[in-house]
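Worksheet: one structure, shown below.
The values are calculated or read from the model by the stated rules, or taken from the named source; none is laboratory data. Values in this document were obtained by computation on a predicted structure and should not be read as measured data. Methodologically, a virtual Cβ is constructed for each residue, glycine included, from the backbone with ideal geometry; neighbour enumeration extends over all protein chains shown. What goes into the accessible areas is simple: the full protein's heavy atoms, side chains included, and nothing from ligands, DNA or RNA. Shrake-Rupley method; radii C 1.70, N 1.55, O 1.52, S 1.80 Å.
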Amino acid sequence: MTETAHPDTVLIVDFGSQVTQLIARRVREAGVYCEIVPFQSAEEGFKRLSPKAVILSGSPASTLDIGSPRAPSTIFESGLPVFGICYGQQTMCAQLGGTVESGHHREFGRAFLEVEKDCDLFEGLWSVGSRHQVWMSHGDRVTTLPPGFEVVATSPNAPFAFIADEKRKYYAVQFHPEVVHTPDGAKLIANFVHNVAGIKGDWTMSAYRAKAVEAIREQVGDRKVICALSGGVDSSVAALLIHEAVGDQLTCILVDHGLMRKDEAANVVAMFREHYNLNLLHIDAADRFIGELEGVSDPETKRKIIGRLFIEVFEEEARKLGGADFLAQGTLYPDVIESASFTGGPSVTIKSHHNVGGLPERMNMQLVEPLRELFKDEVRVLGRELGLPESFIGRHPFPGPGLAIRCPGGITREKLEILREADAIYLDEIRKAGLYDAIWQAFAVLLPVQTVGVMGDGRTYEYVCALRAVTSVDGMTADFYHYDMEFLGRAATRIINEVRGINRVVYDVTSKPPGTIEWE
């Protein structure tokens with residue numbers, strides 16, 4: 001789909017930075033489509049996408065190390081605009097005839113630039129002599145510029161903080177414009193894609209919907225599709241989009257694995273059967289899943305068991321339907337990015353329950369993933385385009401493995417029921433307090449810890465429940481939600497009073513940097 005659907009694409013070469021995803025967010029916020037490609041496959045990605053501009057990301061590596069990442073020479077030979085960020089600046093300079101050195105003053109955190117010369121990225125934003133906050137994160141630095149480059153802004157510890165070769169439309173910065181700590185960074189990136197690369201900001205969700213439907217029809221033809229409908233926003237939007245494209249060729253399968261939230265399966269089935277004319281099968285497989293998971297404590301083993309059983313159930317149901325040629329799922333762009341090792345990327349495998357690397361050969365099916373180019377918030381916009389009710393679009397994300405990974409340690413039916421009840425009370429209190437829409441994701445966790453407590457006149461020895469709530473936009477980064485103590489006291493009291501098996505509640509106040517999983 002990408003080759004024909006996005007004629008004005010920006011290619012982002014990922015050298016392994018934790019915030020590469022934020023570059024993509026800023027480009028898309030400017031109304032321009034982009035894709036992230038690991039540096040190992042950047043040349044292939046460049047040929048496949050035929051981009052109008054290239055951005056080189058940061059990296060934890062050093063250009064001085066033997067075998068450190070480099071951008072394909074094809075990029076610099078293409079005549080396209082290039083924007084190098086942090087490590088991207090350093091490898092750009094090293095490859096074009098400049099020098100990079102270590103041993104100078106390192107810079108991590110807030111810094112201030114002095115603009116010394118005007119350039120196209122400053123249009124409507126910065127002027128000569130002005131001073132601006134940026135966010136630095138580097139040890140090495142450029143010490144000699146390649147031919148054609150000149151300095152346009154400096155910081156006290158980075159004399160080449162912002163450089164440009166405007167004749168070739170090359171720009172490079174030592175700081176990170178993609179993070180919120182660089183207040184004008186998003187505008188600098190927007191100026192690069194609009195003013196320098198000449199790309200219009202006309203990538204809209206309405207256009208994406210039309211092109212996605214066209215691509216699905218082209219891929220599927222007149223063959224059958226089964227869709228893994230979990231009840232979450234992602235799979236629901238994928239199902240509606242595919243149904244719009246191929247109608248009754250689609251059969252949705254909701255596999256109730258016994259790891260869903262309280263009443264989740266019944267509510268999803270009711271909504272889809274009452275409001276949408278979809279073929280929907282509700283498969284009760286709780287005994288099958290929990291039977292294999294009981295006693296399993298390793299989170300990756302849990303994920304693999306769940307993934308395998310899902311595949312087995314889909315295979316069985318496909319046979320009952322007389323066969324199916326495609327399996328559809330709601331894979332998102334962060335799933336693809338965070339599972340980059342499937343495609344030879346620089347990061348470790350994070351989301352292994354997504355079949356981003358393909359299905360087992362024995363299934364003899366192809367994947368249909370119409371959302372794999374979108375971030376979470378973009379999927380919600382597409383959901384509105386498709387007419388999903390706002391109450392459903394705003395639902396908090398919940399992972400496919402469900403309560404299995406919210407129950408660290410060995411799984412038992414008893415522990416799952418305790419967790420399900422605690423989780424339901426927690427969400428109920430959030431809704432009653434009017435906080436649900438202010439929080440991106442909230443859930444309860446049953447810790448593998450039991451403590452002695454006193455309830456009334458008796459001693460108890462029961463589990464500890466942890467509550468988590470985070471704010472986020474795209475799910476790549478998150479910060480904990482700042483509850484007041486009155487709310488936490490009320491929620492904790494209800495859980496302890498109403499759920500047998502829990503005698504203590506704690507609140508998790510950790511944040512989520514890019515590329516991490518919480519509570520697994």
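Here is how the numbers come out for the structure above:
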| item | result |
| --- | --- |
| Label-point separation in nm, Ala210 to Leu435, each point 7 Å along Cα→Cβ | 4.4 |
| Antiparallel %, DSSP beta bridges [both residues in the chain], to 5 | 50 |
| Linear extension gain, Glu218 paired with Leu64, 0.36 nm per residue minus alpha-carbon span | 50.7 nm |
| Distance (nanometres) between label positions extended 7 Å along Cα→Cβ at Glu498 and Gln450 | 2.5 |
| Stretch gain in nm, segment Glu116-Glu312, where the contour uses 0.36 nm per residue and the Cα spacing is subtracted | 64.2 nm |
| Relative contact order (%) - the chain, alpha-carbon pairs under 8 angstrom, separation at least six | 11 |
| Local electrostatic count, Gln249, Cβ distance below 14 Å [Lys/Arg +1, Asp/Glu -1] | -2 |
| Using alpha carbons only: equivalent-ellipsoid semi-axes of segment 23-180, gyration tensor based, whole Å | 23, 19, 15 |
| Two-site label geometry, Lys200 and Thr99: point separation in nm, points 7 Å out along Cα→Cβ | 4.8 |
| Among 10-18, 58-66, 249-257, the order from most to least packed when residues are scored by Cβ within 10 Å on average | 10-18, 249-257, 58-66 |
| Modelled FRET efficiency - R0 41 Å, Leu321 with Arg413, Cβ distances, 0.05 increments | 0.85 |
| In Å², nearest 10: area of His275 left accessible to a 1.4 Å probe | 130 |
| Average accessible area per residue (Å²) across segment 381-469 - probe 1.4 Å, nucleic acids and ligands excluded | 39 |
| Proximal charge balance of Ile226 [Cβ under 15 Å; K/R count +1, D/E count -1] | -3 |
| Solvent-accessible area per residue, Å², over segment 139-264 with all protein chains present [probe radius 1.4 Å] | 36 |
| Percent carbon-and-sulfur accessible area, the chain, ignoring ligands, DNA and RNA, probe 1.4 Å | 49 |
| Ellipticity estimate at 222 nm from DSSP helix runs (n ≥ 4, -39,500 (n - 2.57)) divided over the chain, nearest 500 | -10000 deg cm²/dmol |
| Orientation-averaged projected area, Cα convex hull of segment 425-477 (nm²) | 5.1 |
| Dimensions (Å) - the chain, Cα atoms, principal axes, largest first | 74, 63, 42 |
| By average C-beta atoms within 10 angstrom, highest first, the peptides 370-380, 113-123 | 370-380, 113-123 |
| Evaluated over segment 121-259, the Cα radius of gyration and Dmax, each in Å | 23.7, 64 |
